Amino acid sequence: MAKYKKIEEPVFITSVTERKSKHGGDIYEVDFKGIVSQKDFKSYIDPGNMNWRRWEPIIDIAQRKGVVLGNLKEKDEGLINADSEAKVHYAVEREELADILAEFWDNQNGFSKLFK
């Protein structure tokens, strides 16, 4: 069984794109960014897979709001394992999340407790 590295920081979803899978059918390509490191991540979520039941509400919310997630695992460098048991930490209007993140990045010491 493959070993996965736990992502030690919360991430937020930057985009969700529905596209054709190279294996047939449609999938969701989801882009993420680490809140502290600002590292980019990606995952591919297939509605035909068993893990879809976990991701469907997250994808639905992320298409309308800003979403911060935790409890994710990295399969390869920058690739989030779609079998991660993602936990929604925060879901707000995108503009509000953008303001919170901008303030956090301007003063990481002041808000570091919010995203631990």
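A short reminder: the numbers here are calculations on the coordinates, not readings from a lab. Everything numeric here is computed off the predicted structure, so don't read it as measured data. As a convention, Cβ positions derive from the backbone with ideal geometry for all residues, glycine included, and neighbour counts pool all protein chains shown.
Okay, here's what the table says:
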| quantity | calculated |
| --- | --- |
| Angle in degrees between helix 52-62 and the longest Cα principal axis of the chain, rounded to the nearest 10 | 40 degrees |
| Answer label for Cα Rg over 2.2 N^0.38 Å (calculated), chosen among [x] 0.97; [y] 1.07; [z] 1.01 | [y] |
| Selected from Ile58, Ile100, Ile27 as most flexible by GNM, with the chain as the system and alpha-carbon contacts under 10 Å | Ile100 |
| GNM flexibility winner over the chain from Ala98, Ala82, Ala62 (Cα, springs under 10 Å) | Ala98 |
| Part-to-part distance (alpha-carbon centres) for the range 72-88 and the range 44-63, which is given in Å | 13 Å |
| Relative contact order %, the range 5-111, counting alpha carbon pairs below 8 Å whose residues are six or more apart | 25 percent |
| Estimated 222 nm signal from helices in the chain, with DSSP H stretches of n ≥ 4 weighted -39500 (n - 2.57), rounded to 500 | -7000 deg cm²/dmol |
| Choice from Asn49, Asn81, Asn71 showing the highest fluctuation, given a GNM over the chain with Cα pairs closer than 10 Å | Asn49 |
| Cα-centre dipole for the chain with unit charges at Cβ (Lys and Arg positive, Asp and Glu negative), debye to 20 | 440 debye |
